[in-house]
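Everything below concerns the one structure shown next.
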Amino acid sequence: MLVPLALAVTLVAEWTITRLGLLPLDGWAGHVGDLFALLGMVGLVMMVGLGTRFPLVERAFGLDRVYRFHKVLGAGVLTIFLAHALLRTVVFSQQHGEAWAFFWGFAGKNWALAWGHWAFFGLIFVALTAILGRRKLSFWIWKNIHLLVYPAVLLGFVHAAVLGKKEWGHFPNLAVYLVLAVLLLGFLLVRVWNYFILARKSIWLVDQVSPASRGSTVLRLRSPHGSGTFARRRAGQFAILRVRQGKGWSAPHPFTISSPPHSEYLEFTIKSQGRFTSSVAQWKHGTQVLCEGPFGVFDVDPESPSRLVMISAGVGITPFLSILRWAAHQGLSKSFVLFSANRTHEDLIAAEELAELTEKLDLKVVHLLSRPERPLESRRAAVLFLRGRLEAALMKEHAEFQNAEVLLCGPVSLQKVLVPELKRLLGVKTVRREVFFF
């Protein structure tokens with residue numbers, strides 16, 4: 001993604017050095033509009049690249065951050081293209097006297113102009129459906145409309161190639177256009193590879209399904225092709241799962257991998273909260289699951305001397321199970337404190353295993369129960385059962401937060417309340433969070 005950014009900087013620098021201050025007053029609109037067109041193309045190609053889940057970018061920033069940036073970038077690209085369309089309409093109107101008809105004409109003698117209109121309004125249509133999001137549209141409607149970006153990009157490239165010929169004489173515009181075309185072709189080939197080749201190697205089989213706690217299920221998958229991309233996974237990462245549905249696959253669902261990286265299988269602890277998650281408990285041995293990943297940067301640096309404070313709510317404990325299992329396997333001497341919030345004892349996940357891990361690690365486990373059904377007793381000094389919720393004042397009594405690395409995984413509503421508390425009351429500078437995006 002650094003290449004498109006470098007191209008954008010180059011374009012602005014060239015335009016500023018060679019044209020700014022030299023443009024006649026009656027010609028500035030066209031030149032600025034052309035600059036916006038090229039910058040919009042750079043942003044558009046970058047959006048296509050981000051949509052391919054490019055491994056190098058994902059490993060550096062995490063898939064959730066990449067997708068959130070993708071949305072912001074989309075709004076920026078549309079704004080730039082809107083500016084291009086408005087400025088060019090002003091120029092065409094001055095030359096031909098047809099006023100604002102140039103802005104929305106979809107047909108006419110100038111077919112290249114019409115293709116640009118189709119591309120622009122196609123992107124607006126995609127953006128509107130993206131704003132509505134998956135909450136109001138089914139995944140497949142949303143997905144298929146989103147795919148219109150690809151023909152819109154191709155129409156835009158043809159539009160630019162035909163109507164932007166005058167700009168090719170200005171260095172480095174032609175070079176930028178050609179680099180963008182090569183990048184776009186490469187991104188499209190990656191998508192084709194992922195869809196037809198990589199997907200076949202990403203099919204895992206259900207090995208075991210067992211209850212984890214009240215309303216939660218442990219799903220274990222094994223691959224007939226070997227671990228593949230998951231062989232290099234890190235503790236705390238997640239995968240995207242789909243199951244067979246008709247002739248294709250279901251909508252994607254992200255789940256944190258709770259098994260440690262050294263295991264030959266993938267294990268997920270899944271809470272029944274919707275149609276898909278509730279169906280997991282009924283999956284049979286041998287059921288095919290499309291498993292993509294690993295994704296995420298919610299992991300731990302084993303070389304960091306900082307103590308680790310992990311805060312979880314409900315099934316949000318899963319990345320920390322993976323981290324602690326991995327730490328025990330590696331024999332890390334790092335100091336850990338885990339806060340696990342649930343309603344009752346019946347909702348606890350892997351409570352016995354966590355208690356056993358306190359004997360292998362420098363680990364303290366604090367279970368916070370809002371509605372305990374049994375006495376709050378523990379057989380181990382490093383394991384506490386307390387009545388309460390995740391509140392900064394309560395956690396301060398059981399962990400040292402100064403100079404600690406703080407990780408949080410739980411509902412977004414909890415994170416919005418708790419993160420400001422941790423920063424304001426406990427002086428925590430950074431809280432690393434696991435935020436799923438669909």
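The residue that is surrounded by the most Cβ atoms within 10 Å (Cβ to Cβ), counting only those in segment 246-257 that are part of a loop (DSSP other than H, G, I, E, B) and under 19 Å from the mean Cα position of the chain (by Cα), is Ser250. For segment 47-75, residues that are small (Gly, Ala, Ser), within 11 Å of the chain's Cα centre (by Cα) and within 26 Å of Phe125 (Cβ to Cβ) total 1. When segment 206-229 is filtered for residues that are more than 19 Å from Lys284 (Cα to Cα) and assigned to a strand (DSSP E or B), only Ser213 remains.
State yes or no: is His367 surrounded by fewer than 17 Cβ atoms within 10 Å (Cβ to Cβ) and either of a type outside the set (A, V, I, L, M, F, W, C) or in contact with a Cys (Cβ under 7 Å, 6 or more places away or on another chain) (or both)?
No, not satisfied.
Val309 meets all of the listed conditions (1) at pLDDT 90 or above; (2) under 19 Å from the mean Cα position of the chain (by Cα) but one, namely (2). Taking the criterion of being over 22 Å from His84 (Cα atoms), in a helix (DSSP H, G or I) and at pLDDT below 80, the residues of segment 29-63 that qualify are Pro55, Leu56, Val57, Glu58, Arg59, Ala60, Phe61.
Number of residues in segment 177-195 that are touching an Asp or Glu at 6+ places or on another chain (Cβ under 9 Å) and buried (at least 18 other Cβ atoms within 10 Å of the Cβ): the value is 1.
Look at segment 355-376 and say how many of its residues are touching a residue at least 24 places away in the same chain (Cβ under 8 Å) and not in a loop (DSSP other than H, G, I, E, B). If you could, list the steps in order and put the result at the bottom.
Step one: list which residues in segment 355-376 are touching a residue at least 24 places away in the same chain (Cβ under 8 Å), which gives 355, 357-358, 360-374.
If we keep only those that are not in a loop (DSSP other than H, G, I, E, B) too, we end up with 355, 357, 362-369.
Looking only at that region, the number is 10.
Summed over segment 287-299, residues that are at pLDDT below 90 and either in contact with a Lys or Arg (Cβ under 8 Å, 6 or more places away or on another chain) or assigned to a strand (DSSP E or B) (or both) total 4. Filtering segment 265-276 for residues that are more than 22 Å from the chain's Cα centre (by Cα), surrounded by 14 or more Cβ atoms within 10 Å (Cβ to Cβ), more than 17 Å from Val406 (Cα to Cα) and in the same structural domain as Arg233 (by TED's automatic domain parsing) leaves a non-empty set.
Restricting attention to segment 127-144, the residues being β-branched (Val, Ile, Thr) and farther than 19 Å from Ala251 by Cα number 0.
The values are calculated or read from the model by the stated rules, or taken from the named source; none is laboratory data. These numbers were taken from a predicted model, which means no experiment stands behind them. Because the Cβ atoms are built from the backbone with ideal geometry, glycine has one as well, and the counts that use them run over all protein chains shown.
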